[in-house]
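The values are calculated or read from the model by the stated rules, or taken from the named source; none is laboratory data. Computed from a predicted structure; not experimentally measured. No Cβ is skipped: glycine too gets one built from the backbone with ideal geometry, and neighbour counts run over all protein chains shown.
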């Protein structure tokens, strides 16, 4: 039960208090133990013995070639890559590759691995141990042969880059494309190479609204590429050949898998809500952030933080600690309903670019917002209650900002990502100042992203 709010709290005071929103996560049985009945069977269906990602490789018999090299890569998000290489075929006799991707699952007893992808029949393997798979026939029965049908664990799981015909929901905004692959649920940034220009043009011709996800088909390669922001490498789509865009269509139900892709490193902003208590206030103030197994959930008034995990497609939050700022009554009622919704283990799914949470209490939809890079600098700024006319790309209304209360107001020629300014309200914000990759010639090389609304107050106009 949420303690009563004190309407006399000072404007600048934020006190942390423990708000228990969910019971502790249920202990998971060791996946290496034989499964029995009930909950252990469900756990066995999601757990694979040994560490992931893992690659399993074996040269299996072939009727009209020296052999077929089978490579199975299992990822912890339950996506797989399955490559069959027909030895001494293809260009220069290097072998001809045939790739597939999709979702893997284990039987209740943990003994049979099924790869459900784009091929007509799922591939099935017996799990001999954490290091050995044995190929089964199309009916899931052992192959009666003295020949070798084993695949053994090998190094190089990340080196396999599948090339195949892919279908997924593609969207394009702010000079960046994102592709959510139908079979795996992978959310892939699109590399600006190969046939990317044709993909962008095909999408723009098909999309009815800016940023709207459209089902597209491409011949592509899933490869590791540097991100537009930050360092390191990230799984990405290299669009080798644009095939088609189909506006109004979506991935078939059940084809994107039952498990959610990882949420760590993502940030979301509410777009619509359908729960018993109506939202009072700006939806853009309601946000979710996922970082290193932690969730930060802003109701639009207070912020709750704690641990989270994805159990199948359920978003399970641990006990959250929330700030305790006074909220108007209508917003306070929404806040209670919002936190109760999160505590109810809602089912999570990605529909195009949107994160959708659904429970018996209704549904919430969120759009993605940019995440600061590793080089971003955190700072605090004040934002004035009113905008002022300014000249940028034509005449416009600019925010007024300053670093300290004693400083004069300065015009800010841009918007703060994730922040919605309400006229008549003054703010103190915690923001990230980040570099803009490839800034336009007439644009700033820096951008600001909202991290937290620290304070806000309504300013009475003079002369009233």
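Summary table
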{"item": "Candidates 232, 265, 220 - the one that is surrounded by fewer than 15 Cβ atoms within 10 Å (Cβ to Cβ) and within 30 Å of residue 114 (Cβ to Cβ)", "result": "265"}
{"item": "Any hit, the stretch 174-190, residues being within 19 Å of residue 74 (Cα to Cα) and assigned to a helix (DSSP H, G or I)", "result": "no"}
{"item": "Residue in the stretch 73-84 that is in contact with a helix residue (DSSP H, G or I) (Cβ under 7 Å, 6 or more places away or on another chain) and at pLDDT 90 or above present", "result": "yes"}
{"item": "Failed item, numbered, when residue 154 is tested on (1) closer than 19 Å to residue 246 by Cβ; (2) not assigned by TED's automatic domain parsing to the domain that holds residue 226", "result": "(1)"}
{"item": "Hits in the stretch 302-353 (condition: in contact (Cβ under 8 Å) with a residue 60 or more places away in the chain, within 30 Å of residue 174 (Cα to Cα) and part of a strand (DSSP E or B))", "result": "303, 348, 349, 350, 351"}
{"item": "Residue list for the stretch 140-156, restricted to those being at pLDDT below 90, in contact with a strand residue (DSSP E or B) (Cβ under 8 Å, 6 or more places away or on another chain) and either assigned to a strand (DSSP E or B) or within 18 Å of residue 105 (Cα to Cα) (or both)", "result": "140"}
{"item": "Hits in the stretch 382-397 - residues which are more than 16 Å from residue 431 (Cβ to Cβ) and either part of a strand (DSSP E or B) or more than 36 Å from the chain's Cα centre (by Cα) (or both)", "result": "388, 389, 390, 391, 392, 394, 395, 396, 397"}
{"item": "Looking only at the stretch 288-302, and only at residues there that are on the phi > 0 side of the Ramachandran plot and touching a strand residue (DSSP E or B) at 6+ places or on another chain (Cβ under 9 Å), the one that is surrounded by the most Cβ atoms within 10 Å (Cβ to Cβ)", "result": "300"}
{"item": "Any hit, the stretch 306-318, residues being surrounded by fewer than 16 Cβ atoms within 10 Å (Cβ to Cβ) and over 30 Å from residue 215 (Cα atoms)", "result": "no"}
{"item": "Qualifying residue in the stretch 268-287 (condition: under 30 Å from residue 161 (Cα atoms) and surrounded by 20 or more Cβ atoms within 10 Å (Cβ to Cβ))", "result": "yes"}
{"item": "Failed condition for residue 230, given (1) touching a strand residue (DSSP E or B) at 6+ places or on another chain (Cβ under 9 Å); (2) outside any helix (DSSP H, G or I); (3) assigned by TED's automatic domain parsing to the domain that holds residue 191", "result": "(1)"}
